[in-house]
């Protein structure tokens, strides 16, 4: 049989496969766009990401940035969540999309929010309401994740009883601004921690466990051996060397912590 005849005979078979649905019906296409919302007189600049090929409403996830501010790393995580089928909003906790290039400035920005946590709560709530209002979002299914400074923020929101299904902190500070109280925390809590993170003392870890247990919080604490602060960020190693601080990327810990997040979200949202 020559090749031309073979090709002609294959055409009906391919057509049949398409008709019975063995070919993909849609192609995932993550859409990301800059958005603006407000908290009081402050304009906040975020980044919304979702899979445009998916139909119907889906769970939403807030992504809170490191102390460097709302940057490409936070946006990348939002896109990764969108690729999983969620509607993700990389939030702006500093206002006007401010970012820092030096630890001194980053610390000042983060410190200003933590010292006036009511402002932080208002900005987080504004982001949550903005995400809930999106046509792609199921407003009854909302989670939040955070990195470094952002980890401390999402843990705080869980502690004060914010209406969230789950929160996940990656190499975040564990010390409370307001301690969790029994019956108040609605969210399931995941903490992904670098076992060699010099920014988080053992006393803080022990206190966190006591606090969560005393308050009856449904939480999981995972410690990754050898991992230090910033272990999820591929740019952390370079930043650590540049500024002489103990930051470094850890590919294994990054992958495992993301898998833990995927599992948590699938459980709480019934995906």
Could you rank the peptides 134-143, 94-103 by their average count of other C-beta atoms within 10 Å per residue, with the highest value first? 134-143, 94-103
State whether the range 91-201 is rounded, prolate or oblate according to the following rule on the C-alpha gyration tensor (a ≥ b ≥ c being the square roots of its eigenvalues): a/c under 1.5 gives rounded; otherwise a/b larger than b/c gives prolate, and the remaining case gives oblate. oblate
Let a ≥ b ≥ c be the square roots of the eigenvalues of the Cα gyration tensor of the range 216-267; is it rounded (a/c under 1.5), or, if not, prolate (a/b larger than b/c) or oblate? prolate
Please order 109, 199 by the number of other Cβ within 10 Å, starting at the fewest. 199, 109
What percent does the relative contact order of the chain come to when contacts are Cα pairs within less than 8 Å and at least six residues apart? 13
In whole angstrom, the spacing between the Cα centers of the range 212-271 and the range 35-85 equals 19
Value at 222 nm in deg cm²/dmol, rounded to 500, when DSSP H runs of n ≥ 4 in the chain each add -39,500 (n - 2.57): -13000 deg cm²/dmol
Based on other C-beta atoms within 10 Å, arrange 257, 169, 223 from fewest to most. 223, 257, 169
Global geometry of the range 30-100, whether rounded, prolate or oblate, following the gyration tensor of its Cα atoms and the 1.5 cut on a/c: prolate
For Rg and Dmax of the Cα atoms in Å, which listed value, (i) 21.3, 79; (ii) 17.8, 54; (iii) 17.1, 55, comes from the coordinates shown? (i)
Can you put 157, 162 in order, fewest other beta carbons within 10 Å first? 162, 157
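Coordinate-derived values only; no laboratory data. The structure displayed is predicted, hence computed values, not measured ones. No Cβ is skipped: glycine too gets one built from the backbone with ideal geometry, and neighbour counts run over all protein chains shown.
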